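The values are calculated or read from the model by the stated rules, or taken from the named source; none is laboratory data. Here the structure is a predicted model, which is why all the values come from computation and not from measurement. Every residue, glycine among them, receives a Cβ derived from its backbone with ideal geometry; neighbour counts consider all protein chains shown.
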Amino acid sequence: MSQGRSRYSKEFFFQIINSIADFVRVVDTDNDVIYMNGAMEDALGEDLSLYEKNKFAKQVFNDFSVTRRTLETGEVIQQDQYYKNKSYSVKTSPLWNSNGELVGAVEVFRSNNRDRILHKQLTERNKSLNQEMISAASIQKALLPDLGFFQNLKVNYLYHPQDHISGDLFDLFSISGNKIGFYVSDTVGHGFASGMTTMFINQVMRTLPVEILLDPVKTLRELHRKFKDLHLDKGFYFTIFYGVYDKKDHKIVYSNAGHNCPPLLFNQKEMKTLELTGLPIMSYFEELDHQVKESPCYPGDHLLLYTDGLIECTNKKGENYGLHRFQKAAVKFPWDTLRGIEEDVKTFTGNRSKDDQSALDLFVF
């Protein structure tokens, strides 16, 4: 190493120090300044001439350091110091001669003002982002159906986003005559992308032609086509269970695009799951081929749609809440199904959740 350094003159190393944007200065064992780089000289200006002429100014100027302790102990010290209302991070290192004797110290002053400005900008940006997320969450909640009666269906729901914005969404709407459309969807991940996808789903489902909405398979096919047109990452997707309830013929016709939480259809006597396989909505697939099924649905029946945040939540032992517990809780309070589920989940998990938790209960009158 010393052979490499010997190729360069001392002036070369001083040029390097002078080119450093941070302030650099060297003091002797009396804490008198014996050298400072160009950046420090240019910044201090008039203070330097005052320093040369006035003993008091010299004392104040020399106190602008943590060097005194370094000169006494030989420690490397770093701390913040102020000079003329400006904050500096000062790092002082001891200088030793070839005999191991302490002969001075070198100080490096880095202004904290830039860091403070960046911190302020970051804080303001985070505040703005947080406000945007709160606004987006308000918009999402406005998309949820109204509680109470929708024609002959009594609507109740449970909606607990993990963060401000949820990847879950559910809705029901009148199609025509005696037909009512309903769905539950779950978008992969969390955050703005997932939240915007739920708004996309809502917009599409609310604007599709009646002849398409009456056919669950055609509805999922059209939803997939419009989703591909967004040109999102191929790994981004959502699941959706969509059905059409016919209150005159007392039946449900439904299709499933990868939603791994089959809705429950139950009354005081029996319960069944509306199971049906199908691929999720994602641009990776050019075309999707979904199936359709139907099930009778009469007054006194509950149709319960939900997302995996409820059945996959865990307790302190890492055990899943599971579908079996979910089904038992659903029938425990037939006149307040969601309250029974919510209380049972909280008791099991200790009120901990790592995912969005959503459920839509439709009680048929």
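Looking at region 247-269, can you tell me whether even one residue there is at pLDDT 95 or above, closer than 30 Å to Gly177 by Cα, touching an Asp or Glu at 6+ places or on another chain (Cβ under 8 Å) and aromatic (Phe, Trp, Tyr)?
Yes, some residue in region 247-269 is at pLDDT 95 or above, closer than 30 Å to Gly177 by Cα, touching an Asp or Glu at 6+ places or on another chain (Cβ under 8 Å) and aromatic (Phe, Trp, Tyr).
Condition check ((1) β-branched (Val, Ile, Thr); (2) not assigned by TED's automatic domain parsing to the domain that holds Asn31) across all residues:
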| site | (1), (2) |
| --- | --- |
| Glu72 | no, no |
| Ile77 | yes, no |
| Glu101 | no, no |
| His119 | no, yes |
| Lys154 | no, yes |
| Tyr157 | no, yes |
| Gln162 | no, yes |
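Hey, any hits in region 49-69 for a residue that's closer than 13 Å to Glu107 by Cα, modelled with pLDDT of 75 or more, in contact with a strand residue (DSSP E or B) (Cβ under 7 Å, 6 or more places away or on another chain) and part of a strand (DSSP E or B)? Working first, answer last.
Going residue by residue through region 49-69, those that are closer than 13 Å to Glu107 by Cα are 62-69.
From what's left, modelled with pLDDT of 75 or more: 67-69.
After this cut, where a residue has to be in contact with a strand residue (DSSP E or B) (Cβ under 7 Å, 6 or more places away or on another chain) as well, the list is 67, 69.
Then keep just the ones that are part of a strand (DSSP E or B); that gives none.
Checked against the condition, which is being closer than 13 Å to Glu107 by Cα, modelled with pLDDT of 75 or more, in contact with a strand residue (DSSP E or B) (Cβ under 7 Å, 6 or more places away or on another chain) and part of a strand (DSSP E or B), region 49-69 yields no hits at all.
What residue, of Asp361, Asp355, is under 24 Å from Gln162 (Cα atoms), part of a strand (DSSP E or B) and among the acidic types (Asp, Glu)?
Selected residue: Asp361, the only one of Asp361, Asp355 that is under 24 Å from Gln162 (Cα atoms), part of a strand (DSSP E or B) and among the acidic types (Asp, Glu).
Hey, can you tell me all the residues within region 313-352 that are part of a loop (DSSP other than H, G, I, E, B) and buried (at least 17 other Cβ atoms within 10 Å of the Cβ)? Step through it out loud before you land on a result.
Start the filter on region 313-352 by keeping residues that are part of a loop (DSSP other than H, G, I, E, B), which leaves 313, 315-319, 321, 333-336, 350-352.
Residues satisfying the conditions are Cys313, Tyr321.
Output yes when any residue across region 25-45 is modelled with pLDDT of 75 or more and either outside the structural domain of Gln78 (by TED's automatic domain parsing) or aromatic (Phe, Trp, Tyr) (or both), and no when none is.
Yes: region 25-45 contains one or more residues that are modelled with pLDDT of 75 or more and either outside the structural domain of Gln78 (by TED's automatic domain parsing) or aromatic (Phe, Trp, Tyr) (or both).
If you check every pair at least six apart or on different chains, which have Cβ atoms under 6 Å apart with a residue in region 142-154 that is closer than 17 Å to Met199 by Cα first and a residue that is surrounded by 15 or more Cβ atoms within 10 Å (Cβ to Cβ) second?
Sorted first by the residue in region 142-154, then by its partner, the pairs are Leu143/Asn202; Pro145/Val155; Pro145/Asp171; Pro145/Leu172.
Restricting attention to region 291-312, which residues are at pLDDT 95 or above, within 17 Å of Pro262 (Cα to Cα) and in a loop (DSSP other than H, G, I, E, B)?
Gln291, Val292, Cys297, Asp301, Thr307 - these are the residues of region 291-312 that are at pLDDT 95 or above, within 17 Å of Pro262 (Cα to Cα) and in a loop (DSSP other than H, G, I, E, B).
Can you confirm whether region 130-138 contains a residue that is modelled with pLDDT under 95, in the same structural domain as Glu343 (by TED's automatic domain parsing) and charged (D, E, K, R)? Working first, answer last.
Narrowing region 130-138 to residues modelled with pLDDT under 95: 130-138.
Checking which are in the same structural domain as Glu343 (by TED's automatic domain parsing) leaves us with none.
Checked region 130-138: no residue is modelled with pLDDT under 95, in the same structural domain as Glu343 (by TED's automatic domain parsing) and charged (D, E, K, R).
Inside region 255-272, can you point out the residues that are in a strand (DSSP E or B), surrounded by fewer than 22 Cβ atoms within 10 Å (Cβ to Cβ) and touching a residue at least 40 places away in the same chain (Cβ under 8 Å)?
Within region 255-272, Phe266, Met271 meet the criteria.
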